[in-house]
Amino acid sequence: MRTNNSSLPRAETSSSVCRLEAALNYASLGYPVIPIRPGAKSPLTPHGLKDATTDEVTIRTWWNQWPEANVAIRCDKLAVIDVDQGAEWPPDDLLTAMVMQRPSIQHTPRKGWHFLYRLPDGKDWRPTASRIAKYVDTRCGPGSYIVVSPSATENGIYSWVPEFQIRSPELLPTPPDDLAKILDGLSKPNGNGTTPYGNTEADHPQANDADLIPEGQRNVTLTSIAGRMRRGGLPEHAILGALLEINAKQCQPPLSEDEVRKIAASISRYPTPRPIGVDGPEDIISELRGLRLTDTGLAERFADQHREKVLYCPKWNEWLVWDEVRWRRNDLSQIDKLAKETVFSLYREVDSVESRDERRMLTTFANKAEAASRREAMLRLAQAEVANILPDDLDKDPYLLGIPDGVVDLRTGEIKPADRSLLISKITTVSPICDPPQLWLEALRKIFSGNEELIRFLQQLFGYW
């Protein structure tokens, strides 16, 4: 058994992160580990959670068999608070106490958080779902597990916050008193079914992973998912496995396996920039308050504001901007303009914030965000937040011709309005003339003695309708 208690590899490093080494390090810290399906959260072993172990031989056997398996740890000595994106809990005073207690803190792919505390002696806390509040779960004791860094799913990566890295359970703090009281009370709802900080009976909506992906969006959606997984450090075969599963379950109708393999291979050729994460207590508090005062928060704002206007192509390492007629490649001046719009929107946010402390934090962050380096960091991270495409996705239909006034369907001659979903990037310099070209028609009738069938054929041949 390994006894080295060195810190674990961070999920952000690169696609060469060794999941076996990570699993062994977790085991050396005293956490029983279990291999999880690549890109997912379900165990690979026959008996699931019961198979979790700290035995080095078993762990090596597992990861030799499944080298790209995600890593999970069983929560034998842990009390984990799992706060998903969208949660309106914890309140500010409790959040500050939770962070200042200095637990281990992990950022999850769905932009949530894991707070890891030591399970106090004598406590028999159990896993719960939305008992504390909506989108807030607990993972306590040997009946539960959490997926950990350097694991990745289609939504992104798990990563330890630098100042709050994982350490052995004995070195973790117990939950702050107010949180411990809430955990004690989970099995004892009061008369109205609530705890001091939320509804004990709140429904916990599951992630809607079964949304169908319609024809016309399949390539773009799978490419975006592959891009996020690549940024999480997954190699080609792990990305391919996840894409094939998503394609089979969600794409209507599914793409061919060759097409899915092409997407995985194309995305896997390109390294991705290292994400800039959240570091200190103030960053975490601002994120959970919904202020998102980090480079990642800026990137999310950029995507939220401009999602309909931009695409990203990893193969070209270029942005594409919708100019109301076509997707224009590598329009850096327009991308920078959109980035500045996002930064300046921070000042408008200040007016909507009531708390003086939060206004101060937001104003300070807005001032720093005006720096060119912060805008560049925002755009790097935003690449994973917007739709990703492959070059072959553009101008895919040979019968659709982009023109300054819209799109011509060459099968029917119909002129349609410009449509961003058609992914047209090339247009003609002039639009077709709708009025019949009389001189041309008279010449055709004279030359071909009024043979309308032949004239019609020549009109189609030369592109006149």
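The values are calculated or read from the model by the stated rules, or taken from the named source; none is laboratory data. For clarity, every value in this text was computed on a predicted model and none was experimentally measured. Methodologically, a virtual Cβ is constructed for each residue, glycine included, from the backbone with ideal geometry; neighbour enumeration extends over all protein chains shown.
Kindly evaluate Ala87 against the criterion of being among the small types (Gly, Ala, Ser), touching a Leu at 6+ places or on another chain (Cβ under 6 Å) and either surrounded by 14 or more Cβ atoms within 10 Å (Cβ to Cβ) or in a loop (DSSP other than H, G, I, E, B) (or both). So Ala87 fails the test. For first residues located in the stretch 300-318 and over 18 Å from Ile225 (Cβ atoms), partners that are among the small types (Gly, Ala, Ser) and buried (at least 17 other Cβ atoms within 10 Å of the Cβ) and lie 6+ apart or on another chain with Cβ distances below 8 Å form the pairs Phe302/Ala339; Phe302/Ala382. Filtering Leu394, Leu400 for residues that are without any contact (Cβ under 8 Å) to a residue 60 or more places away in the chain, surrounded by 13 or more Cβ atoms within 10 Å (Cβ to Cβ) and closer than 30 Å to Leu222 by Cβ leaves a single hit, Leu400.
The set of residues in the stretch 324-339 that are in a helix (DSSP H, G or I) and buried (at least 16 other Cβ atoms within 10 Å of the Cβ) comprises Gln334, Ile335, Leu338, Ala339.
With respect to Asp177, determine if the residue is at pLDDT 75 or above and farther than 30 Å from Ala387 by Cβ.
Values: at pLDDT 75 or above: yes; farther than 30 Å from Ala387 by Cβ: yes.
Taking the combined requirement at face value, the residue satisfies it.
All of (1) free of Cβ contacts under 8 Å to residues at least 12 places away in the same chain; (2) assigned to a helix (DSSP H, G or I) hold for Val99 with one exception: (1). Could you give every pair whose Cβ atoms fall below 6 Å, whose first residue belongs to the stretch 340-354 and is within 12 Å of His306 (Cα to Cα), and whose second residue is of a type outside the set (D, E, K, R), counting only separations of at least 6 or pairs across chains? Qualifying pairs under 6 Å: Thr342/Phe302; Thr342/Gln305. Based on this model, can you work out whether Asn192 counts as modelled with pLDDT of 85 or more, over 15 Å from the mean Cα position of the chain (by Cα) and among the polar types (S, T, N, Q)? Taking the combined requirement at face value, the residue does not satisfy it. Only residues that are surrounded by fewer than 22 Cβ atoms within 10 Å (Cβ to Cβ) and either of a type in the set (S, T, N, Q) or at pLDDT 50 or above (or both) were counted in the stretch 1-21, giving 12.
The set of residues from the stretch 411-427 being surrounded by 10 or more Cβ atoms within 10 Å (Cβ to Cβ) and either over 41 Å from the mean Cα position of the chain (by Cα) or touching a residue at least 24 places away in the same chain (Cβ under 8 Å) (or both) comprises Gly413, Ala418, Arg420, Leu422, Leu423, Ile424, Ser425, Lys426, Ile427.
The residues listed here are Val430, Val386, Val408; of these, the one that is modelled with pLDDT under 95, under 50 Å from the mean Cα position of the chain (by Cα) and under 22 Å from Ala303 (Cβ atoms) is Val386.
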